[in-house]
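Data block below; observations after.
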Amino acid sequence: MKCHHCHTPIIYVRERVGVIHTNGAYLLIESSVCPKCGNANIYMSEGKPGPNGVVADREIPEILLYPRFTLEKPAPELASEEIRTDYSQAAMIRMISPDASAALSRRCFRRIARTMAAIPPDLFSREMEAVAGLPGLPSGLKEEITGLLSRHEYAAYPVFEKNPSIITRVNREEADTWISVLESLLHHFYEDH
């Protein structure tokens, strides 16, 4: 996990700040302090009764309360307004709606593929394969793209293949991976060259 302030990958312990019981539901408030920058990251999650009291229900995505929005790093100024907007919105909403974040990320991926990598319009899975096969692309980025591609059988969903911006159910990990892929692509195309 990364600190949402300084974006340093860290392992930290969460401290329970409180439990709110309302109308039969439990809300847990947890915080962690980044050992590097000293800032607090505060989360809210739904809870459920456990053997030793209320525990977080990790099946339901938690919500980042503070900082309210987090952006790993801004998109380069050289990127088009559409790419910068899609990327920043996808990054900012991923804690609130991983599904919407992934849809915006896929649209941004397609824009980058077509403008910067000169990938001709095609089915989304083929565009992903073409980007992953670009010479000079870092191997870790290729693996992330092929990992995303292997999670879905895009060809089984013709509507999705033509319009990957459709909102579909994804987990937080997949939304995070999409943001990571976009960050790496933006760095590769706009900062390395």
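When shorter helices are ignored and each DSSP H run of at least 4 residues is given -39500 (n - 2.57), the per-residue value for the chain at 222 nm works out to -12000 deg cm²/dmol.
By the rule of a C-alpha distance below 18 Å, with chain neighbours fewer than 8 residues away ignored, no lysines are paired with LYS142. Between MET1 and THR146, the simple spin-label model (points 7 angstrom out along Cα→Cβ) gives 3.1 nm.
Spacing of the modelled spin labels on VAL17 and CYS37, each 7 Å from Cα toward Cβ, amounts to 1.6 nm. Listed as lacking a disulfide-compatible partner in the chain: CYS108, by the criterion of no other cysteine Cβ under 4.7 Å. These residues, HIS188, HIS7, HIS21, go from largest to smallest accessible area, 1.4 Å probe, as HIS21, HIS7, HIS188. Taking chymotrypsin sites (Phe, Trp or Tyr not before Pro) across segment 1-59, none is in a DSSP loop with at most 10 further Cβ atoms lying within 10 angstrom of its Cβ.
The heavy atoms of LEU123 present about 50 square angstrom of accessible area, all protein chains included, probe 1.4 Å. How tilted is helix 172-186 with respect to the longest principal axis of the chain? Cα atoms for both, answer in degrees (0 to 90, nearest 10). Around 40 degrees separate the two axes.
Between SER165 and LEU64, the simple spin-label model (points 7 angstrom out along Cα→Cβ) gives 2.4 nm. Hull volume per residue, based on the alpha-carbon atoms of the chain and their convex hull, is 146 Å³. For segment 44-49, backbone phi angles converted through the Karplus equation (6.51, -1.76, 1.60; θ = phi - 60°) give residue-by-residue couplings of 10, 9, 7, x, 8, x Hz, Gly and Pro being listed as x. Measuring only protein heavy atoms, the 1.4 Å probe finds VAL19 accessible over about 70 Å². Ordered by solvent-accessible area of protein heavy atoms (1.4 Å probe), largest first, the residues MET92, MET1, MET128 come out as MET1, MET92, MET128. Give the accessible surface of the chain per residue, rounded to a whole number of Å², with probe radius 1.4 Å and ligands, DNA and RNA excluded. Solvent-accessible surface per residue comes out at 53 Å².
Partners of LYS36 within straight-line reach, counting aspartates and glutamates whose Cα lies under 18 Å from its Cα and excluding those fewer than 8 residues away in the same chain: GLU15, GLU72.
The values are calculated or read from the model by the stated rules, or taken from the named source; none is laboratory data. No experiment lies behind these values; they were computed from the predicted model shown. Every residue, glycine as well, gets a Cβ built from its backbone with ideal geometry; the counts of neighbours run over all protein chains shown. These accessible areas exclude ligands, DNA and RNA; they are computed on the full protein's heavy atoms, side chains included. Shrake-Rupley method; radii C 1.70, N 1.55, O 1.52, S 1.80 Å.
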